[in-house]
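Student: This is the structure I want to talk about, given as structure tokens.
Values in this text are rule-based calculations from the coordinates and carry no lab data. Model, not experiment: these values are computed from the prediction. Note that we place each Cβ from the backbone using ideal geometry, even for glycine, and neighbour counts take in every protein chain shown.
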Amino acid sequence: MYRSLQELCEIAEEQSKALYEVVLEEDCHERGIPVDDGFAQVMKVYQAMKEADREYDGSITSTSKLAGGDGEKLGQYRERGKSLCGDYVIGVMEKAVKMGESNACMKRIVASPTAGSCGVVPAVLLSLQERFSYSDEEMTKALLVAAGIGGVIASRAFIAGAAGGCQAEIGSASAMAAGAAAFLQGGDSDRICHAAAMALKNLLGLACDPVGGLVEVPCVKRNVIGALSALSATDMALAGVRSKIPPDEVIDAMRSIGVAMPSCIKETGKGGLAMTPEGQKYMPEV
């Protein structure tokens, strides 16, 4: 398994292949399955994302009552046509919240890369497909690009909030979504990697401070920030803007920041928002 985005890009260039092909072939080689089977499996994952979006139920709330219904509110607001961000961006926000709420309400979602950050990649990809009418085959290729970026982050740093704070979850998801979006919009390997780097840079240092120890507050709404970070980073990369810090060094910086974080803001529910007066009301009695 490749351990750097630079290596991934070099392999693609040497073999005259797209990034998604390198990721797919490496994964299928490791698992000992035909490439066609691997591609079909990833397409099923994308279909599961679409299904989860379609089956959102705004009437359901989580057991704690901390999550549920906000995705529907955003949808109603979007329909009124008064969004400051515009129809497309508010639609991305809506999908991100809906997916995060579905996770909190124990519905079927795709961990991408984690359950807590499950809304970022689907919100970006599903919205792009709706806007530009990409085929499911193209979306599957984009998801493979996202998976390749996530794989490098996981091997080089971490993707769990308990290990590196929310930067490791929402930050990683944002990087994955940005790279996938840049691919869909015709970006080359360099732009894909710089889109991912800038998206991750936007979220360095983000604490993981779940209220009540639950993946609900502020987790659901942070999916929105991750999705919008991905979109802004993608546009910058496609415009020719590059990360001054090389993409792999950005990942390394995320790891060093995560290691330096105190445990109270790494998914323990003992710091940050979880320890505000309101947040403490939701702490389970021991």
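Student: Leu8: within 16 Å of Ala146 (Cβ to Cβ) and within 19 Å of the chain's Cα centre (by Cα), yes or no? So that I can check it myself, show each step before the final result.
Tutor: Details: within 16 Å of Ala146 (Cβ to Cβ): yes; within 19 Å of the chain's Cα centre (by Cα): no.
Criteria not met by Leu8.
Student: Just to verify a result, which residue in the range 2-33, among those that are among the hydroxyl-bearing types (Ser, Thr, Tyr) and in contact with a Lys or Arg (Cβ under 9 Å, 6 or more places away or on another chain), is surrounded by the fewest Cβ atoms within 10 Å (Cβ to Cβ)? Outline the logic, then answer.
Tutor: Within the range 2-33, the first condition is being among the hydroxyl-bearing types (Ser, Thr, Tyr), and the residues that meet it are 2, 4, 16, 20.
Now narrow it down to the ones that are in contact with a Lys or Arg (Cβ under 9 Å, 6 or more places away or on another chain): 4, 20.
On the way: Ser4: 18, Tyr20: 24.
Checking each candidate, the answer is Ser4.
Student: Something else: Could you list all residues from the range 1-20 that are without any contact (Cβ under 8 Å) to a residue 60 or more places away in the chain and either hydrophobic (A, V, I, L, M, F, W, C) or part of a helix (DSSP H, G or I) (or both)? Can you show your working first?
Tutor: Residues of the range 1-20 without any contact (Cβ under 8 Å) to a residue 60 or more places away in the chain: 7, 10-11, 14-17.
If the condition is that a residue be without any contact (Cβ under 8 Å) to a residue 60 or more places away in the chain and either hydrophobic (A, V, I, L, M, F, W, C) or part of a helix (DSSP H, G or I) (or both), then Glu7, Glu10, Ile11, Glu14 are the ones that fit.
Student: Mind listing whichever residues of the range 20-62 are more than 18 Å from the chain's Cα centre (by Cα), hydroxyl-bearing (Ser, Thr, Tyr) and farther than 17 Å from Ile109 by Cα?
Tutor: Listed by number, the list holds a single entry, Ser59.
Student: Oh, and also: Step by step: first the residues of the range 1-56, then only those that are among the hydroxyl-bearing types (Ser, Thr, Tyr) and in contact with a Gly (Cβ under 9 Å, 6 or more places away or on another chain), then the one that is nearest to Gly179 (Cα to Cα). Which residue is that? Break it down into steps so the answer makes sense when it comes.
Tutor: At the first step, the residues of the range 1-56 found to be among the hydroxyl-bearing types (Ser, Thr, Tyr) are 2, 4, 16, 20, 46, 56.
Right, trim to in contact with a Gly (Cβ under 9 Å, 6 or more places away or on another chain) and you get 2, 20, 56.
Numbers: Tyr2: 17, Tyr20: 11, Tyr56: 26 Å.
Among residues in the range 1-56 that are among the hydroxyl-bearing types (Ser, Thr, Tyr) and in contact with a Gly (Cβ under 9 Å, 6 or more places away or on another chain), the one nearest to Gly179 (Cα to Cα) is Tyr20.
Student: Cβ-Cβ distance below 8 Å, separation of 6 or more or different chains: which pairs start in the range 140-152 with a residue that is without any contact (Cβ under 8 Å) to a residue 12 or more places away in the chain and end on one that is of a type in the set (Ser, Thr, Tyr)?
Tutor: Listed pairs, sorted by first residue: none to list.
Student: Let me ask you something else. Name the one entry in Ser243, Ser256, Ser232 that is touching a Cys at 6+ places or on another chain (Cβ under 9 Å) and of a type in the set (Ser, Thr, Tyr).
Tutor: On the way: Ser256 fails: touching a Cys at 6+ places or on another chain (Cβ under 9 Å); Ser232 fails: touching a Cys at 6+ places or on another chain (Cβ under 9 Å).
Being touching a Cys at 6+ places or on another chain (Cβ under 9 Å) and of a type in the set (Ser, Thr, Tyr) holds for just one of Ser243, Ser256, Ser232, which is Ser243.
Student: Also: How many residues are part of a helix (DSSP H, G or I) and of a type in the set (S, T, N, Q) when one looks only at the range 117-142?
Tutor: Step one: filter the range 117-142 for residues part of a helix (DSSP H, G or I), giving 120-132, 136-142.
Then keep just the ones that are of a type in the set (S, T, N, Q); that gives 127, 129, 140.
Of the residues in that region, 3 qualify.
Student: So which residues in the range 151-190 are crowded, with 24+ Cβ neighbours inside 10 Å and within 17 Å of Val22 (Cβ to Cβ), if there are any at all?
Tutor: If we filter the range 151-190 for residues that are crowded, with 24+ Cβ neighbours inside 10 Å, which is where we start, we get 152-153, 157, 161, 164-183.
Answer for the range 151-190, where residues must be crowded, with 24+ Cβ neighbours inside 10 Å and within 17 Å of Val22 (Cβ to Cβ): Val152, Ile153, Met176, Gly179, Ala180, Ala182, Phe183.
Student: Could you say whether any residue in the range 104-123 is farther than 30 Å from Ala253 by Cβ and touching a Lys or Arg at 6+ places or on another chain (Cβ under 6 Å)?
Tutor: Scanning the range 104-123, I find no residue that is farther than 30 Å from Ala253 by Cβ and touching a Lys or Arg at 6+ places or on another chain (Cβ under 6 Å), so the answer is no.
Student: Looking only at the range 37-71, count how many residues are free of Cβ contacts under 8 Å to residues at least 24 places away in the same chain and touching a Phe, Trp or Tyr at 6+ places or on another chain (Cβ under 9 Å).
Tutor: 0
Student: Out of the residues in the range 225-275 meeting the condition of being β-branched (Val, Ile, Thr) and either without any contact (Cβ under 8 Å) to a residue 12 or more places away in the chain or closer than 16 Å to Ser172 by Cα (or both), tell me which one is surrounded by the most Cβ atoms within 10 Å (Cβ to Cβ). Can you show your working first?
Tutor: From the range 225-275, those β-branched (Val, Ile, Thr) are 225, 234, 241, 245, 250-251, 257, 259, 265, 268; that's our starting set.
Narrowing further to those that are either without any contact (Cβ under 8 Å) to a residue 12 or more places away in the chain or closer than 16 Å to Ser172 by Cα (or both): 225, 234, 250-251, 257, 259.
Working: Ile225: 20, Thr234: 29, Val250: 25, Ile251: 27, Ile257: 18, Val259: 11.
Only one residue fits best here, namely Thr234.
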